[in-house]
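Please treat every number below as a calculation from the coordinates, not as lab data. Keep in mind the model is a prediction, meaning the values are calculated, not measured. With ideal geometry, Cβ positions are generated from the backbone for all residues, glycine too; neighbour counts draw on all protein chains shown.
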Amino acid sequence: MSTDRAQGSWARLREGARRTRAPAVRDRPEDDATRIYRHIFEGVVSQRLTPGTKLPEVALCELFGVGRTLIRKVLQELAHDHIVELRPNRGAVVAAPTPDETRQIFEARRALEATMLPMAIANATRADLQDLRRQLRREHGALHASDQPAWARLASAFHLQVATLARNPILQNYLAELISRCSLIVALYEPPGNAACEHDEHAHIVGLIEKRDAPAAVRAMDAHLRELERRICIDRPAPSGGLAQALGL
């Protein structure tokens, strides 16, 4: 795994969470690359773009009004984040993780979060705990606003925020990569109507962190991640509509 890629995934999730809690930032003009990345990412998160959907360069150029060089750059970035796959001579498609890959990714994530959570509890200050509570309030707001892309970003950002408290950048980077890949799998395969992570489960984990009960927090996190994996449904029909509709254009 590339550390730069993990840090890039981390930065995008943190930036997404920041935009969610500061709506005024969304009023600033985006550059074309960010705009295209966001449309494709949110198309995946909202399940409008399903696994295996083709993303032809020519069609994307027409839809976004840009040249092929920029489209290729964005597709390469999406491929680095495991959101699309670049197939030689066949172009880009929305990534389609296999059942075995899904199991292995969640298995690795459970093991890593179980290692980092006691470290986070040992290091957490009162200010850190207050920050976690603020994160929960932002989650609650996005959930009740039915803003699925924002909710997905915040749900992932919660786990990353807990990870920072472990004060181990190496483990943090590995976890950022795994969370990015888990988020994609959940976005692709979780049945509509489910939250990417259950807010009440996050609140329960924060309560255990505040009590400094590491064994109980680890058990709760493990159960939380297993339930998240259990809800994934690999077989899901593709929604109707063209590429423009799937991209929210």
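A full extension of the chain between Ser46 and Glu227 corresponds to an added length of 63.1 nm, given 0.36 nm per residue minus the alpha carbon distance. Highest-first packing order for the peptide set 198-204, 61-67 is 198-204, 61-67, based on the mean count of other beta carbon atoms within 10 Å.
Provide the gained length on full extension for the span Gln245 to Asn89, in nm with one decimal, where the gain is 0.36 nm per separating residue minus the Cα-Cα distance. Could you put the intermediate results ahead of the total?
Details: separation 156, 0.36 × 156 = 56.16 nm, distance 2.57 nm.
Computed gain between Gln245 and Asn89 is 53.6 nm.
Per residue, the average separation of C-alpha pairs within less than 8 Å and at least 6 apart gives segment 99-230 a relative contact order of 38 percent. Summarising the label geometry, the points placed 7 Å from Cα in the beta-carbon direction at Arg219 and Glu107 lie 2.4 nm from one another. Arg212 label point, 7 Å along Cα→Cβ, cut-off 19 Å on backbone N: hits in segment 98-134? It comes to 116-133, nothing else.
At a Förster distance of 25 Å, what's the computed FRET efficiency of Lys54 paired with Asp32, Cβ-Cβ distance as r, to 0.05?
On the way: r = 21 Å, r/R0 = 0.85.
Between Lys54 and Asp32 the formula returns 0.70.
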